[in-house]
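The values are calculated or read from the model by the stated rules, or taken from the named source; none is laboratory data. These figures come from a predicted structure and were not determined experimentally. Please note: Cβ atoms are built from the backbone with ideal geometry, for glycine as well, and neighbour counts cover all protein chains shown. Surface areas here come from the heavy atoms of the whole protein model, side chains and all, with no ligands, DNA or RNA. Shrake-Rupley method; radii C 1.70, N 1.55, O 1.52, S 1.80 Å.
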There are 2 protein chains.
Amino acid sequence: MLKLDARRRILLRTVVEEHVRTAEPVGSEHAALRGRLQVSPATIRSALASMEELGLLTHPHTSAGRIPTDRGYRVYVDMLPKADPASSSARQKMRRRLGDPAEEPGDVANDAARVLAGMTGYASVVAAPALQEQTFSSLHLVPMGERRALAVIATDSGALQGHSIELPEGVVPDDLEHLSRAITQWLRGSRVGDLTHQRLEQVLGEASHHHRWLEEVKAWLCRGLARGVRPQIRVAGARHLLAEPEFKSPDRATRLFEVLENESVLDGVLAAVPEEGVWILIGEENPHEQLRSCSLVMAAYRAGDRRGGTVGILGPTRMRYRSAVTAVRCVAESLSEAMRSSA
Amino acid sequence: MLKLDARRRILLRTVVEEHVRTAEPVGSEHAALRGRLQVSPATIRSALASMEELGLLTHPHTSAGRIPTDRGYRVYVDMLPKADPASSSARQKMRRRLGDPAEEPGDVANDAARVLAGMTGYASVVAAPALQEQTFSSLHLVPMGERRALAVIATDSGALQGHSIELPEGVVPDDLEHLSRAITQWLRGSRVGDLTHQRLEQVLGEASHHHRWLEEVKAWLCRGLARGVRPQIRVAGARHLLAEPEFKSPDRATRLFEVLENESVLDGVLAAVPEEGVWILIGEENPHEQLRSCSLVMAAYRAGDRRGGTVGILGPTRMRYRSAVTAVRCVAESLSEAMRSSA
DNA sequence: GGCTGGCACTCCTCCGCCCGGAGTGCCAGC
DNA sequence: GCTGGCACTCCGGGCGGAGGAGTGCCAGCC
C-alpha cells in the first residue's frame, strides 16, 4: 500500500481536481495556491517530482504542469471519503424522477439512464435486470394465425419475453390454454435461470412425448431464456462526451461510440460489477481495449430480493469522480427501493 | 418546374457526386473531366455560374470550386432514376440478415437498424410498428404478489405491452383468469388504436360496475394504448457520423446527437413518412431546426396488412443519396415481406 | 451565338519563423 | 527541509510570404 504524507495527499487531490475542472496541466504555483499550502512553489515542485517518480503524475512535456496518471486517479479515488448512503430525501426526489416501475416495468431502465446522464453530464449505461435472475411468474401460449403460437413468459418483476413457435396440425386453442395453465403452475416461483433442460424434462417430460411441438417450447425455454436473450442495455447522454476535449478528435470519439453501440461489450463490463458498493474502473484498469481512455463508475441494484441490473456512468478518465459516485449510488439505491416495493 | 438542358443536368450530377465523394468544392476543370464533357473549362464556368444564379450551387469563397446548395441536392435527387424495387435475390439476402421476426418479434427493429447502418455507413433510425396500428390478440391478467396484477397485451405481430395494476381485496387468481379470457374473446381482432373508451365501455361496461378495479384496466387500455405508449425507436451507427467532416466540430456533432437521443423528435419525423415510396428530407426542408444540417432518407414498411413502422437513414446533406435510397427501400421491402409471412 | 484560350485577380492554405510565456529542474544559501 | 534565483525547455500563437487553385471577364474564332 502506498503511503503519502499529508502534503502529498493534498497535492494529489488538488492536481486531480484542478485538472478535472480545467482540463489543463496544473503548475506548481497554481497547485500551491489552490491547495492552500503555505510553502513556496519550489517546495511544491520537489513534492510533485517525487509523486511523478511514484507514478501518480506525469507532465506532457518538460515545461508543462502536472496531470494525474491513471494510477494517480486510482489513489485519489481510493482517498475519497466513503460517502454514506444517499439521504432518504435525495432518494425520494430521485424516485419521483424515475417512472413507477410498477406501472411501466420496461421503462425504468430508460428513465434511470436519462436521469443519470442528466445529473452527471456524462454518458450513462443501464442494464435492465437479467431475465434469468428473475422469478418465473407465468407462461402463456397465445394462438397467432393458423399454425403458430406466441409463447410469452412473464416474471414477477413484470418483464415480458415473447417467442413465436410453429405448431403441428391439430393443436387447438384449448390445448394451448390448458398447457399454459399447467406449465405456469408447475414452474411458478422458479428462478428463470434455473429452468434447465433437466428441470423442464421432469415437468414437461411426459406431455412432450405426446406433443412433439412441446420440444420447441422446451428448447426455447432453456436455450432462449438461460442466456440467449439479448441483454437490455440503455445508453443515454452519449452526446455529453463529445464536449469533452479528450474526445474532440474524431477517431477517438468514433472508437468510443463503437463501444457504446456494442451491447455485448457493455453487458460484459456491467455484469462483472459486484453486488455491493460502487465499482470504478479507471483508464488502463479497464479490461476492454477500447475503454482504456475512459473511466466507468458503476453500481448494481437489486430487483426484489434478487440481483437486478447495473447502472453506470462512462466518462473520460478526467472525470468528476465524486459526483459520479454520488449519482450512481443514489440511482442504484433508488432503483433497488422502487423495485423492492413493487414486488 | 425547373428546366435544365442536358449539359447542366450532367454538371449538376457531376458536382454533387464529386462533392459527395471528396467533401471538397468542385472546380470547373475537374467537373469537365469527370462529366466527360468535351468543352473547355471556360464554357463549364459559364454554365456553373448560371446554375449558381438558379440557386443550385454556391461557392464558399471567390476562388473556390462549386458545392451544391440544398436546392441543388433536391433537384439532383429528383433526377435520380426511379429505381425498380429491390431484386428478390437482394431481398432474400437481406432477410437472412434480419432475424426472423416470427422468432423474436421485438428484435427485428434492432436488426434492421444495425443492417441499415452497416450498409450505408450513416446513422439509421428505425421505428417499430406502432402498437395502436396492430391487431389485438389477447389480454392476460397475471397475479403478481398480493394485491397486484400484471396486465399483458399481445398483438398478432407478437408485440407485448405490460402494465401493472393494483387490485382490491378479494380478487382471486381465478377471477383474473376468467376475466382475461372474456376480454380476450371480446376484443380479439380489434385494431389496438380502436380500443376507445366507448368501445371498452360497451364490452366491459356491465362487469366494471361490479368490479371497481376494472376501471383501472379500462383506463390503461385506452389511455396507455391509444397513444401513451412510448414509441420504440432504435438508432444504430451514430458513430459513423462522427467521421463526416461536417460534424467534426464538437458543437455541431453535439446538436446532432441531441436529436438522435430525442425519441419524440425522431418519432415525429418518422411518423410523417407516407406509406408508399422513399421519402427524402434535405437540409433546410427539414421541419426540425436541429436537423437542418442533415438529410433523411426514409420509407415506411408494412406489418401484415396494416401500416408497420418506418426505417430511415440520417446523414449529412452531402450524402450518397443513391445508395441510401437503395438500402432504405430494400430494408423496408424485406421487413414488409418478413412481417407479412409471419402474420 | 456559342465556344475558346488568355489573363488578371482573389483568396485560401500551408509552411517556416520568431517570440513570449509558462513551468520546470537544479543549486546554493539559510 | 525550505527558499529564491536562474538557466533552460518547449508549447502555442501570430506574422508574412510563397504557392496554387479557381474564378470572372474579354477578345477572338468557328
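Numerical summary
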{"quantity": "Between 0 and 90°, nearest 10: helix A:6-22 axis offset from chain A longest Cα axis", "calculated": "70"}
{"quantity": "For the protein assembly as shown: lysine pairs under 29 Å (alpha-carbon distance), excluding those fewer than 8 apart on one chain", "calculated": "5"}
{"quantity": "Listed residues A:Pro231, A:Pro173, A:Pro129, most fluctuating in chain A (Gaussian network, C-alpha, under 10 Å)", "calculated": "A:Pro173"}
{"quantity": "Accessible area expressed per residue, the protein assembly as shown, with surrounding protein chains retained (probe 1.4 Å, Å²)", "calculated": "46"}
{"quantity": "Rounded tilt (10° steps) of B:70-79 against the dominant C-alpha axis of chain B", "calculated": "80"}
{"quantity": "Shielding by partners, peptide B:131-138 (average Cβ within 10 angstrom, other chains)", "calculated": "1"}
{"quantity": "Positive-end extreme of charge dipole, the protein assembly as shown - chosen from B:Pro81, A:Thr22, B:Leu150 (charges on Cβ)", "calculated": "A:Thr22"}
{"quantity": "Residue-averaged beta-carbon neighbours from other chains (10 angstrom radius) around B:260-270", "calculated": "1"}
{"quantity": "Solvent-accessible area of B:Arg239 with every protein chain in place, 1.4 Å probe, in Å² to the nearest 10", "calculated": "60"}
{"quantity": "Förster-model FRET efficiency, 51 Å R0, B:Asp305 and A:Asp194, C-beta, rounded to 0.05", "calculated": "0.80"}
{"quantity": "Averaged over B:163-169, number of beta-carbon atoms from partner chains that fall within 10 Å", "calculated": "3"}
{"quantity": "Carbon and sulfur %, accessible surface of the protein assembly as shown computed with the full protein complex present, 1.4 Å", "calculated": "48"}
{"quantity": "Residue with peak Gaussian network fluctuation, chain B [Cα springs, cutoff 10 Å], from B:Leu242, B:Leu80, B:Leu266", "calculated": "B:Leu80"}
{"quantity": "C-alpha long axis of helix A:108-120 to longest principal axis of chain A, angle in °", "calculated": "10"}
{"quantity": "Normalised alpha carbon radius of gyration of chain A [divisor 2.2 N^0.38 Å]", "calculated": "1.27"}
{"quantity": "Listed residue (A:Met119, B:Met339, A:Pro60) projecting farthest to the positive dipole end of the protein assembly as shown, Cβ model", "calculated": "A:Pro60"}
